[in-house]
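Since the structure comes first, as structure tokens, the remarks are kept for the end.
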Amino acid sequence: MTAWKIIGLVGLFTILSGCARSPEARRHAYVTEGKDFLKTKDYSRAILAFRNAAKVKPNDAESMYQIGVASLGLMDLRTAVASFKRALELDPKHVQAQLKLAQIMATSSEDVWVKQAESRLNTLVENSSITPEMLDTLAMVELKLGKTESGIETLERALTVQPQQLSSSIMLARAKLLQQDVKGAEAVLVKACDNAPSAASPRVTLGEFYTSQSRLGEGEAEFRSALNIDPNNGMALLDLALLQYYRGRKQEAEENFKRVASLDKAGYTSTYGLFLFREGRKDEAVREFERLVNHNPGDRFLRTRLVAAYQSVGRSIDARKIVDNALKKNSKDMDALLQRAEMARNEGKYSEAEADLNLVLRLQPDSGEMHYIMARLHQARGASLSYRQQLSEALRLNPYLLSARLEFVQQFITNKNTVLPLMY
């Protein structure tokens, strides 16, 4: 047999093999590909893969559900909600689609949506195999609606299902604190550590609790205990550095801020630059942020920090140029909108600042940075209670937001009535 005939037969075999693949096999291949993209947070390509799966099998609820998950990754709530609803039209018993839809409703500021979330979750808990995530979400909704006792009961049930579920322990401790039951909150967090002796995160949370109660020595001991388990635990390092800083041990704090920044993880890279600013070493801080942005030119977070750095040293023209260029490229660039709002706040243009913040709120309601800038806007207006509430919400949504954490640590060291929000 000649080489050309062999090549021809191989090609024919390949074509026939491709044609022989069933729609289910092709759908499975696309879904697998999409899930691989989800793991790497490549949400746009994940959506494309899941849409291809839906084309092969139009009535597939799982493909629609996965499109919703990927859309959440892109912060496209409208598409996410539509996808989850479509998944439920195709399969009313799709548990994860029900749960995701309820979780989105639970984030609403409107009681009517939160109550609908509660109804969905109660139905889900009654008719499905119970998971800690379901119970955590239901408890969060109950607490949001002011049903503290019900929320506590739900969280205790969640911990019966999964004793090592740290999120349940943290919410339960917060609920106890709402009831002024400090000893009860401490007992919950100590038990969480006992249930996971080889885990660093429960000890970090217990350390934050002790710090919030002005038991600084015990807090530091827990952070060090966490670092003994995981020397590269960013949150433990950050909390230890903050504690050392506010106890006047600045040299130790600086070394730990450097260690945190060297981890090269999202949310930590800018910590040393922020420390330098706090110390008044602004020229060093600007150089640090310029270095970071040059090394990571597409990083919006670092771009935001550089803009703030320029503003602080009076280079407002350079700052405005970066923001304007970003908004020319994308008028809905939320980081740039937040920066413009911050500039307006600094210039006393509160209405303009609030307009940009409200736009961000519509685009991304769970932005910790937005709530932090809103907090500072309230502070500038002298609304102390609103300032503290927005600061707490900023930390709840983004525990890595160092500027907010610095302010909150200062709050509870100077004001014993202030409690650090345990939502990590």
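The values are calculated or read from the model by the stated rules, or taken from the named source; none is laboratory data. This one's a predicted model, so the numbers in the text were calculated from it and none came from an experiment. Every residue, glycine among them, receives a Cβ derived from its backbone with ideal geometry; neighbour counts consider all protein chains shown.
If Pro92 satisfies every condition in (1) touching a residue at least 12 places away in the same chain (Cβ under 8 Å); (2) surrounded by fewer than 17 Cβ atoms within 10 Å (Cβ to Cβ); (3) closer than 27 Å to Lys35 by Cα but one, which is the exception?
The number of the failed condition is (1).
Out of Leu337, Leu361, which single residue is in a helix (DSSP H, G or I), surrounded by fewer than 19 Cβ atoms within 10 Å (Cβ to Cβ) and touching a helix residue (DSSP H, G or I) at 6+ places or on another chain (Cβ under 8 Å)?
Leu361
So if I check each of Ala158, Ala97, which one is hydrophobic (A, V, I, L, M, F, W, C), under 18 Å from Ile47 (Cβ atoms), buried (at least 17 other Cβ atoms within 10 Å of the Cβ) and not assigned by TED's automatic domain parsing to the domain that holds Leu38?
On the way: Ala158 fails: under 18 Å from Ile47 (Cβ atoms).
Sole residue among the options that is hydrophobic (A, V, I, L, M, F, W, C), under 18 Å from Ile47 (Cβ atoms), buried (at least 17 other Cβ atoms within 10 Å of the Cβ) and not assigned by TED's automatic domain parsing to the domain that holds Leu38: Ala97.
Residue by residue, here is whether (1) closer than 26 Å to Gly219 by Cβ; (2) β-branched (Val, Ile, Thr); (3) under 22 Å from the mean Cα position of the chain (by Cα); (4) assigned to a helix (DSSP H, G or I) holds:
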{"residue": "Trp113", "(1), (2), (3), (4)": "no, no, yes, yes"}
{"residue": "Glu149", "(1), (2), (3), (4)": "no, no, no, yes"}
{"residue": "Pro163", "(1), (2), (3), (4)": "yes, no, no, no"}
{"residue": "Met171", "(1), (2), (3), (4)": "yes, no, yes, yes"}
{"residue": "Leu177", "(1), (2), (3), (4)": "yes, no, no, yes"}
{"residue": "Asp194", "(1), (2), (3), (4)": "yes, no, no, yes"}
{"residue": "Ser198", "(1), (2), (3), (4)": "yes, no, no, no"}
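So which residues in the stretch 77-111 are more than 20 Å from Pro132 (Cβ to Cβ), outside any helix (DSSP H, G or I) and hydroxyl-bearing (Ser, Thr, Tyr)?
Ser108, Ser109, listed by residue number.
Kindly evaluate Arg291 against the criterion of being over 30 Å from Ala80 (Cβ atoms), at pLDDT 85 or above and part of a helix (DSSP H, G or I). Spell out the reasoning first.
Values: over 30 Å from Ala80 (Cβ atoms): yes; at pLDDT 85 or above: yes; part of a helix (DSSP H, G or I): yes.
Here the answer is yes, as Arg291 does meet what is asked.
Of all residues in the stretch 55-86, count the ones that are among the hydrophobic types (A, V, I, L, M, F, W, C), within 25 Å of the chain's Cα centre (by Cα) and within 19 Å of Arg120 (Cβ to Cβ).
8
If you go through the stretch 294-316 one residue at a time, how many are surrounded by fewer than 21 Cβ atoms within 10 Å (Cβ to Cβ) and β-branched (Val, Ile, Thr)?
Count: 1.
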